[in-house]
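Everything below concerns the one structure shown next.
All of the numbers you see were taken from the coordinates with simple rules; none came from a lab. Remember, it's a predicted structure, so these values are computed and weren't measured experimentally. Every residue, glycine among them, receives a Cβ derived from its backbone with ideal geometry; neighbour counts consider all protein chains shown.
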There are 2 protein chains.
Amino acid sequence: MPPRTEDTLPTGRADPLAMLFHARSVAVVGASGSEESIGGRPIKYLRRYGFGGRIYPVTPRHDSIGGLRCHASVRDIPGPVDLAILAVSAARAPKILEDCAAKGIPTVIVFSAGFAELGDDGRAAQARFVERAARLGVRVCGPNSMGAINLRSGLTATFSSVLEHAHQAGPLALVSQSGMYGAYILAQATALDLGLGLFATTGNEADIELSEVLDHLVRDPETRAVLAYVEQIRDGDAFVRAAETALKEGRPIVIIKVGRSDVGARAARSHTGAIVGSHDIYEAVFRQYGLVSVDTVDEMLDIARLVGHGIFPAGKRVGIVSLSGGAAIMLADACAASGLEVPELPEDVQARLRRRVPFAGVANPIDATGQLINEPDIYEEFLGALAVREDIDAIVLFFGQMIGYVDGLGSTVVEESVKAVRDSGKPFVMVAMPGDGRAARMLREGGIPHLTDPDRAVRALAALAHHVERRETLLRRWQTAPAADIAPIPETEADTEFAAKRFLAAHGIRTARERLARSPEEAARHAGALGYPVALKVNSPDIAHKTDIGAVRLGLRDAESVESAFDEIARAVEDRAPDAEVRGVLVQEMVPPGVELILGIERDPVFGPMVLCGLGGVHAELLRDFTLRRAPVDRETADEMLRELRGYALLEGVRGGAVADIDAVVDGVVGLSRIAVGARAWIEELDINPLIALPRGGGCVAVDALIRVRDRSTRPRPSPAARRRR
Amino acid sequence: MPPRTEDTLPTGRADPLAMLFHARSVAVVGASGSEESIGGRPIKYLRRYGFGGRIYPVTPRHDSIGGLRCHASVRDIPGPVDLAILAVSAARAPKILEDCAAKGIPTVIVFSAGFAELGDDGRAAQARFVERAARLGVRVCGPNSMGAINLRSGLTATFSSVLEHAHQAGPLALVSQSGMYGAYILAQATALDLGLGLFATTGNEADIELSEVLDHLVRDPETRAVLAYVEQIRDGDAFVRAAETALKEGRPIVIIKVGRSDVGARAARSHTGAIVGSHDIYEAVFRQYGLVSVDTVDEMLDIARLVGHGIFPAGKRVGIVSLSGGAAIMLADACAASGLEVPELPEDVQARLRRRVPFAGVANPIDATGQLINEPDIYEEFLGALAVREDIDAIVLFFGQMIGYVDGLGSTVVEESVKAVRDSGKPFVMVAMPGDGRAARMLREGGIPHLTDPDRAVRALAALAHHVERRETLLRRWQTAPAADIAPIPETEADTEFAAKRFLAAHGIRTARERLARSPEEAARHAGALGYPVALKVNSPDIAHKTDIGAVRLGLRDAESVESAFDEIARAVEDRAPDAEVRGVLVQEMVPPGVELILGIERDPVFGPMVLCGLGGVHAELLRDFTLRRAPVDRETADEMLRELRGYALLEGVRGGAVADIDAVVDGVVGLSRIAVGARAWIEELDINPLIALPRGGGCVAVDALIRVRDRSTRPRPSPAARRRR
């Protein structure tokens, strides 16, 4: 059985969440004498994993189980109880809950299935259950949870059969919304010789949910990183707070969000076909708050292996020593693909190494060639050339199967590598199959993780290097730009283009100069006042695709054209949208050419108002070239959003074009994000399309805009998302 | 030691390449009594792996080695010799080669280093060596090769210490340009319980190179797939032939091309910054000829595990049975991301399964839930519901660690799965850690590969499903479109825009109507003849960025504007390109608006002329949205190229735009590809930018073009690639 450390309760009995991992006394309600049953396994595992606290089986059916005295009710337990496990049917759970409250138990884990996962009746039962728990002051993990595990203390409050095999404790934590998959991750971690210390599965999350557990885990002093398997985040604010804590505490959250092909949390939202999917929002939030987001559990475990060895590269410059030229190429390729650098060694160092092995690659990557097998002594010199350099932040070694296969080489390489780690303080990663003998043990003890595949090793290293950099950026940014205090904006009539732009203009977004006309003559008068050329567009809350029905006229150069354009628009609307309510025709200045962007607000049910920006035309829609952030954003974040666009070069003036007024766009994004927060109570979606960025110094102008208000009108209105597909 | 099968020589002594894998008698020249030396290991391994043929140690220093009689020279060997291994210094190799020829040995493997990898002297020595070999009629694998291995027959003509451990033979073959990395792949394959039958490392490829070995391996009847580790392809034509053979024989080549971040093979080419990189060309060729291209060795081995079990899914429709809802989501996500479908089961089948387990997911993915652990019998019914369906091509199962951890469940699941494979004939893949006991063995024997990670399992399955579909497409396409017989096009003067377009027009590409003017008056006359509006552009072999220097005027509507535009252009050229040779000013019709494309020819040093097409504007350059194929291409391939563009929807008329004349563009690509082949002797690059695709029925028009001719002028000319960056 794995070694057990004495657990110290971090915050005393005050923190019910801590009891999931640090309880000293556990009641197992529904305890069973059968070691294979759900009520028997927790007791078996608590004893097998050497839990040092008190175990109280609760059942009226036995006097004792495996030498432990049973109690008929938790109320009968003599001493204090930190945690109760409810291994009972859903029907019995409410009664047990009352008992737990009466006994003063702060926290219960509810294994019982038969709640929300069973449909409406179950959902109602679950709601009643947690309401009662809240009233009683008991915190609930579950129902339908597989429990929580502290492998360090042996607190195995779970029925997962994954504990049938031994698992060693280590400096990683895992929280999983899937009990079964969480257990599988634990099994994989063990097969990789990777220790999870704390592990919780949150089940139906009726009370304690993911973010709260995350927040607890990232504060755990014995934890280096927290792995999170997520199907759905329920409390966006709490999640963001946990992410901020993680960053401050320096314990990265490595997260996999599954269900990306699913419409999932956003299935309830009206506008199918919107360009923004739920996955985009999750990814944007993960990036905004410095989580390490991964696509596969393999990637998560690769990163975990590095973090488990304390690897946090201080920068992105990598030194490579390889036994094989082919592997050197692959590692250099992988570095380039992952945004890592492989700085060339100075010529004098190269010359020195070349004198030693004339046909070696000496620039970095260092290809020591098969000569290293004949002459293992050269390794110290080759590795040393990189290890001493200030411009190298991390070192990747390739030895393939040779360490495990060729004894002499193996020990030299491993010894020298471990020594270099100690001397240089740099993080090392080895790509090799060291077998499971002495070499593997020495690597582990020397703090050098080994992975089999060069690409995966480099990707994991890169994820951490990028995380370290991102963390510094975000912590600095949050310090210099404290949270904006944004006053609520009262609901405003904004159901036409004209009204939407008036609203924007009133809140600091520059819009095209325009006036509303009710007659051809009035239109011509407005045009004269605005100055030619002008554009005319119908102003209606009901017409999304103005161009499609011929209700837009551009580049009108005199009064006569304006008047006849007015009439044409009126006729087009009569013909093609006879039921639309028309509120006049907009007469608008023709904004000079510039770079077209799209800016928007999307209210996400989990994370609240998000601000979107992308390049206009086909970019955002067709090529999905847009970025998102949770509002509000500061200027630095807005600038970062623009730079993330693949087509950013368009703003910088590609193909001899003028440089756009990027500063003004940044201001626009910031301003829109403040509107998003101020009007979060009533704006569902807002869409500026296009925003034209004029050449530098010229600013940017909202040319068209649409606002969709939340739950207000029963009359169907076209959504901005539908318009984007124009 | 691994089991050995009796090897049958497929083509008799006639095929020297076959000797690498099927020699019955091997001379080891430079044989050594030390089992650790390069001349000792092949003998050790040949005996340890149970080679059944004759082994002849050749050395004057011993009478016998390990009981085998030594000969002072290969000439002294009594019987015939199929293969000689040269484990001697580079200096001695030429003399030994003569001996081998004299003895009538058809094939030699040269371990000796000290040739091309050592620089100019070595390159010269290598050239002399292979010249001599060619004259003597001896085929050479190497020099600097690690040798070749047939694990089925025990023919281990290698010094690689990877054979210190036992490796089992299997239905896969591997060819690697890196000996060391190839050996590492073998070690990984063995760790994954994956059998490589044939394995060759090609070393410096002075004579026998990758493609020839590939061609041999894909014809091997005992091989199911060929893995290829490639740093550089030397003979494009031979490679393409091998790929075609592989497709016809139904043995996929799973290929990893390393060195993508390197300027590599194209470093020698003049135009840095061209949009097309060497990696793009490799990927295009791999796609064009139906190879399975992978980014990592992990991916290669995942696919190998499936192919090794004979998995070739007939279609893309996947059934999923999972013990965990989380895993079901992940598998469905992965299918969606990989282009696989997860068809929903009919309502009656769902109802039947739902009656069995009310809270199970029954639509497909089937989430059998933990109920399966309590009631393993339901598995037969759940799996059967998918296995019998005609609209399911492959089945993916998820059991995590449970099979290895829970005995009862494990045997039921494995037995039922194996039975379902047998009954349904469908390919099955299991995501699980079955341990290394009985369950794992039964899976293996039952033909069910197991992978640990759901994403990787699905990606590998998808790669094979796409390959099967691609193979059918290509075989049919090649049958219906036999290789085009294209006459050479003699070199033509084409160093200005005017000349380039005349050349294109002469070969069937429609170009903008235009005339060349030498004076303002002549320009106005031409404009009148062409019809207004017109464009004027300088016509010069020396000016690439005409717009930048103000030498282009668009939309000229009358004779007066044309005349003054002519003068302005003349002045601009005088000012800003005073040394340029000017050959008049082009007067060109203004082509109506349409979708802008770019079409081009790039002559690749390895694969010959490639044809490129992409969307114009920022798409091809900034967003790298272009496709490539080796010329010539047929209409179907050209159509496929267009459809691969991310911005293809632009041609289909996104945002209310007209549908472009896609047929005409397809004709243009086909026509250009025929020019590429016809003029392969002299066109280095050709660039049509833009080609304007008019609305359907209107055709497409080359508006600007540039041709760069091979090695003709000593005077530097701007290249089309440089112009693309305009």
task = Can you figure out the FRET efficiency of A:ASP423 with A:ASP348, using R₀ = 25 Å and their beta-carbon distance, to the nearest 0.05?
result = 0.70
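Dipole of region A:41-149, Cα-centred, from +1 at each Lys and Arg C-beta and -1 at each Asp and Glu C-beta, to the nearest 20 debye?
The calculated dipole for region A:41-149 is roughly 340 debye.
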query = Roughly what angle does helix B:635-644 make with the longest principal axis of chain B, taking Cα atoms, 0 to 90 degrees, to the nearest 10?
reply = 90
task = Return the lysines within reach of B:LYS95: Cα separation strictly under 28 angstrom, same-chain partners fewer than 8 residues apart disregarded; answer none if there are no such residues.
result = B:LYS44, B:LYS103
inquiry  = Charges on Cβ only, +1 for Lys and Arg, -1 for Asp and Glu, centred on the Cα centroid of the protein assembly as shown; of A:ILE707, B:GLY446, B:SER673, which one is farthest towards the dipole's positive end?
reply    = B:GLY446
ask   = Quick one: putting +1 on the C-beta of Lys and Arg, -1 on the C-beta of Asp and Glu, what dipole do you get for the protein assembly as shown around its Cα centre, in Debye to the nearest 20?
value = 1560
note = Subtracting the Cα-Cα distance of B:GLU36 and B:ALA91 from 0.36 nm times their residue separation yields 17.6 nm
inquiry  = Please report, for A:PRO94, the nm distances (one decimal) from its label point, 7 Å out from Cα along the beta-carbon direction, to the equivalent points in the remaining copies, shortest first.
reply    = 9.7
ask   = At a Förster radius of 41 Å, what calculated FRET efficiency corresponds to the Cβ-Cβ distance of B:VAL659 and B:GLN479, to the nearest 0.05?
value = 0.85
key: Equivalent ellipsoid semi-axes, region B:513-589, via Cα gyration tensor eigenvalues times 5, rooted, Å   = 20, 11, 10
task = Rank A:ALA572, A:VAL138, A:VAL254 by how far each Cα sits towards the positive end of the charge dipole of chain A (+1 on Lys, Arg Cβ; -1 on Asp, Glu Cβ) and give me just the farthest.
result = A:VAL138
task = Treat every Asp and Glu Cβ in chain B as -1 and every Lys and Arg Cβ as +1, leave all other atoms uncharged, and give the resulting dipole magnitude about the Cα centre to the nearest 20 debye.
result = 1540
request  = In nm to one decimal, list the spacings between the B:ALA191 label point and its equivalents in the other copies, with label points set 7 Å along Cα to Cβ, shortest first.
outcome  = 1.3
task = Any chance you could get the radius of gyration and Dmax over the Cα atoms of region A:264-398, in Å?
result = 20.8, 70
Cα-based helix-to-principal-axis angle, A:347-356 vs chain A, degrees rounded to 10 = 40
For the protein assembly as shown: rounded, prolate or oblate by the Cα gyration tensor [a/c cutoff 1.5] = oblate
key: FRET efficiency, B:ARG135 to B:ASP391 (Cβ-Cβ, R0 60 Å, nearest 0.05)   = 0.45
ask   = How crowded by other chains is B:174-182, given as the mean number of beta carbons from other chains within 10 Å of each beta carbon?
value = 5
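Counting other C-beta atoms within 10 Å, which of A:CYS700, B:CYS70 has the fewest, and how do the rest follow?
Details: A:CYS700 28, B:CYS70 18.
The fewest-first ordering by Cβ neighbours comes to B:CYS70, A:CYS700.
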ask   = What ranking of A:ASP302, B:ASP542 emerges when the number of other C-beta atoms within 10 Å of each C-beta is taken as an exposure proxy, fewest first?
value = B:ASP542, A:ASP302
query = Going by the alpha-carbon gyration tensor, a ≥ b ≥ c the square roots of its eigenvalues, is region B:304-463 rounded (a/c under 1.5) or, if a/c is not under 1.5, prolate (a/b greater than b/c) versus oblate?
reply = rounded
query = Hey, which lysines would be in cross-link range of B:LYS501, C-alpha to C-alpha under 26 Å, not counting anything within fewer than 8 residues on its own chain?
reply = B:LYS537, B:LYS546
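What's the ranking of B:499-505, B:558-564, B:72-78 by average number of surrounding C-beta atoms within 10 Å, highest first?
Peptide ranking by packing, descending: B:499-505, B:558-564, B:72-78.
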request  = Identify, for chain B, the residue whose C-beta comes nearest the rotation axis onto chain A, and round that distance to whole Å.
outcome  = B:LEU623, 3
key: Euclidean distance of C-alpha centroids, region B:159-224 and region B:48-105, integer Å   = 23
ask   = Put a point 7 Å out from Cα along the line to Cβ at B:PRO592; what are the distances to that point in the other copies, in nm, shortest first?
value = 3.2
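For region B:548-696, what does the alpha-carbon gyration tensor say about shape, rounded, prolate or oblate, given a ≥ b ≥ c as the root eigenvalues, a/c under 1.5 as rounded, and a/b over b/c as prolate?
Since a/c reaches 1.5 but b/c is at least a/b, the shape of region B:548-696 is classed as oblate.
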request  = First obtain the Kirkwood hydrodynamic radius of chain A from its Cα pairs, then insert it into the Stokes-Einstein equation at 20 °C and 1.002 mPa s, and state the resulting D in µm² per second as a whole number.
outcome  = 73
query = Mind checking the mean number of beta-carbon atoms from other chains within 10 Å of the Cβ atoms in A:614-626?
reply = 3
task = Divide by every residue of chain B the summed helix terms, -39500 (n - 2.57) for each DSSP H run of at least 4, and state the resulting mean residue ellipticity at 222 nm, rounded to the nearest 500 deg cm²/dmol.
result = -11500 deg cm²/dmol
